[in-house]
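The block underneath contains the structure these notes are about, expressed in structure tokens.
The values are calculated or read from the model by the stated rules, or taken from the named source; none is laboratory data. It should be emphasised that the depicted structure is a prediction, and the values quoted were computed from it without experimental measurement. Every residue, glycine as well, gets a Cβ built from its backbone with ideal geometry; the counts of neighbours run over all protein chains shown.
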Amino acid sequence: MKVCGFSFIRNAVLFDYPIQEAMLSILPLCDEFFIAVGQSDDETLALIKSIDSDKIRIIETIWDDSLREGGQVLAVETNKSFQAIPDDYDWCIYIQGDEVIHEKYHENIKNAMERYCHESQIDGLLFDYLHFYGSYDYVATSAKWYKHEIRIIKNNKNIYSYRDAQGFRKDDDKKLNVAYIDASVYHYGWVKPPKNMQAKQKTFHKLWHDDQWVDKHVSDGTEFDYSGIDQLAHFEGTHPMVMADRIERLNWHFHRDLSHNSVSFKDKMKQFLKKYLGLDFSYRNYVIKDTFR
């Protein structure tokens, strides 16, 4: 069984993306790793080249900044790295620049890939998600945050990155058949110093909206206001080892009164129905065919 990692990145230094940690978190599972590095306004290319691994293959790209509807350019860049993967690989592990996988899941992930490697009805593997928010001590828990997504796919070039690169589809817009596995992606996209997060907002939203929308909806303040979140919980687990140095450098404070939330009545009903009746109304960009634990 051969496994290849893939990702894309641009302006990782400028916007404080933990891309090194993301890549290092899955490199032990990979024989090679292809990353599309977009032309940046900082030292992103040098950062990727500084990673001490002979597995990494860099593809230098130029982003089409005219693709400003629905985050389409993110899917385009994802596909550049995926399409570069040689045909002799069986599995492809996808990781975004603000996602990290805990080493405690490596064995189960490897076992799942071995289990379904030759199962033609399985296109990919589905992960749980933990969305950290404000600091490394809190996770977002409302229904607005996606709970699962595909992060490992078969090396089938009929599969492609879908919409804003959150998930994948195949052939003519068909959902992938997946096996749900006992492993989580730690998403750190909303954990940055307030100044870094505010700087990211305008550039980030330009991938989805025109300048007029950005000027109207994104604050001109110098620091991002984290207080607008609807519902959080305190994180009781451990972070991946590759995140240790970054977390030790934590240089801002965020506190949340967990007794307070502003979850809408609709979302409260969704949470109630899922918890007590097992009814899940969340968006699913996949078809679950099996469960592996």
### Scan of segment 187-208 for residues that are surrounded by fewer than 18 Cβ atoms within 10 Å (Cβ to Cβ), over 18 Å from the mean Cα position of the chain (by Cα) and either free of Cβ contacts under 8 Å to residues at least 24 places away in the same chain or within 27 Å of residue 66 (Cα to Cα) (or both), ordered by number
195, 196, 202, 206
### Query
Hey, any hits in segment 246-257 for a residue that's within 25 Å of residue 23 (Cα to Cα), in contact with a Ser or Thr (Cβ under 6 Å, 6 or more places away or on another chain), β-branched (Val, Ile, Thr) and at pLDDT 70 or above?
no
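Matching residues to (1) within 17 Å of residue 159 (Cβ to Cβ); (2) touching a strand residue (DSSP E or B) at 6+ places or on another chain (Cβ under 8 Å); (3) of a type in the set (Asp, Glu):
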site	(1), (2), (3)
45	no, yes, no
49	no, yes, no
53	no, yes, no
58	no, yes, no
62	no, yes, no
67	no, no, no
70	no, no, no
73	no, no, no
81	yes, yes, no
### Task
Specify the residue that is farthest from residue 191 (Cα to Cα); the eligible residues are those in segment 68-92 that are of a type in the set (D, E, K, R) and either within 21 Å of the chain's Cα centre (by Cα) or in a helix (DSSP H, G or I) (or both).
80
### Query
Any idea which residue in segment 151-177 is surrounded by the fewest Cβ atoms within 10 Å (Cβ to Cβ), counting only those that are among the charged types (D, E, K, R) and touching a residue at least 24 places away in the same chain (Cβ under 8 Å)?
157
### Summary
A careful count of residues in segment 275-293 that are modelled with pLDDT of 60 or more and not polar (S, T, N, Q) gives 10
### Query
Regarding residue 211, is this residue over 30 Å from residue 227 (Cβ atoms) and surrounded by fewer than 17 Cβ atoms within 10 Å (Cβ to Cβ)?
no
### Task
Test residue 136 against the criterion of being under 28 Å from residue 232 (Cβ atoms) and in contact with a helix residue (DSSP H, G or I) (Cβ under 7 Å, 6 or more places away or on another chain), and give yes or no.
yes
#### Entry: Residue list for segment 93-129, filter: surrounded by fewer than 19 Cβ atoms within 10 Å (Cβ to Cβ) and assigned to a strand (DSSP E or B)
128, 129
